[in-house]
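Below is one structure, written out as structure tokens, with a few remarks after it.
The values are calculated or read from the model by the stated rules, or taken from the named source; none is laboratory data. Treat the numbers as computed from the prediction; the structure is a model and nothing was measured. Here Cβ is always computed from backbone atoms with ideal geometry, including for glycine, and neighbour counts include all displayed protein chains. Please note that ligands, DNA and RNA were not included when accessible areas were found on the heavy atoms of the full protein model with its side chains. Shrake-Rupley method; radii C 1.70, N 1.55, O 1.52, S 1.80 Å.
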Amino acid sequence: MNKRENIVMKALEQKRSRSAYIVHSLEIKVDAHVRGYVGEKIKLRCTFKSSSSVTDKLTIDWTYRPPSSSRTESIFHYQSFQYPTTAGTFRDRVSWVGDVYRGDASISISNPTIKDNGTFSCAVKNPPDVHHNIPVTELTVTERGFGTMLSSVALLSILVFIPSAVVVVLLLVRMGRKSVGLKKRSKSAYKKSSIEVSDDTDQEEGSDCMARLCVRCAECLDSDYEETY
């Protein structure tokens, strides 16, 4: 192989690498682990990014594999329309909650049971982006025990009752302060100074003197009247 052939081969390799980079530009992300409870709807998130615009050729496939098994089953297919499975354990329990134009390929499972535990995979193809990683989600469904319910009640109490109690305490403290202030004001209003007390005493003594003086004058007038006659 001469020098010219080497240059041609390198150019071809570079072109192939660039093409491969364009093809593998589709990126998919899911939650690695999802925990759910029996009877409560579960959402399996899946988002994707593509270098190409979304068209009616875009396809989405969700598959399920039970624990300790290599057998997989299709539970949902999307291509312009939704095609949930019509057979198997997930029949009539898989719903579409995504939006392909926002890069969302999520689904939900209603009335989950412990038998739904396993591995779920989300595959997206948006031609020309068709090759990509296929991430998986491990789903664990358990019974909601008394401890979980108790923790939910405790959380509700923290979010609702405690703030209400704080507001009530603050109102009581404010009312107590106002009551103490009113009592102090009433006491200060009725409390007389030493000058006011002395003035009141002088007034009482003066009124007594005036009364005695009036009586004395009346006696004098009576005596003068009797002497005249």
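The set of residues from segment 115-138 being in a strand (DSSP E or B), within 21 Å of residue 82 (Cβ to Cβ) and open to solvent by 10 Å² or more (accessible area, probe 1.4 Å) comprises 121, 123, 125.
State all residues of segment 38-51 that are part of a strand (DSSP E or B) and either in contact with a Leu (Cβ under 8 Å, 6 or more places away or on another chain) or open to solvent by less than 50 Å² (accessible area, probe 1.4 Å) (or both); if no residue qualifies, say none.
Matches in segment 38-51: 42, 44, 46, 48, 49.
Being in contact (Cβ under 8 Å) with a residue 40 or more places away in the chain, closer than 9 Å to residue 126 by Cβ and either surrounded by fewer than 20 Cβ atoms within 10 Å (Cβ to Cβ) or among the small types (Gly, Ala, Ser) (or both) is the filter here; which residues of segment 52-61 pass it?
Pass one, segment 52-61, residues in contact (Cβ under 8 Å) with a residue 40 or more places away in the chain: 52, 54-55, 57-61.
Narrowing the set further to residues that are closer than 9 Å to residue 126 by Cβ leaves 52, 54-55, 57-59.
If the condition is that a residue be in contact (Cβ under 8 Å) with a residue 40 or more places away in the chain, closer than 9 Å to residue 126 by Cβ and either surrounded by fewer than 20 Cβ atoms within 10 Å (Cβ to Cβ) or among the small types (Gly, Ala, Ser) (or both), then 52, 54, 55, 57, 59 are the ones that fit.
Residues that are of a type in the set (A, V, I, L, M) and over 17 Å from residue 43 (Cα atoms) within segment 74-99 comprise just one, 87. In segment 88-113, of all residues being outside any loop (DSSP other than H, G, I, E, B) and without any contact (Cβ under 8 Å) to a residue 12 or more places away in the chain, the one that is most open to solvent (accessible area, probe 1.4 Å) corresponds to 102.
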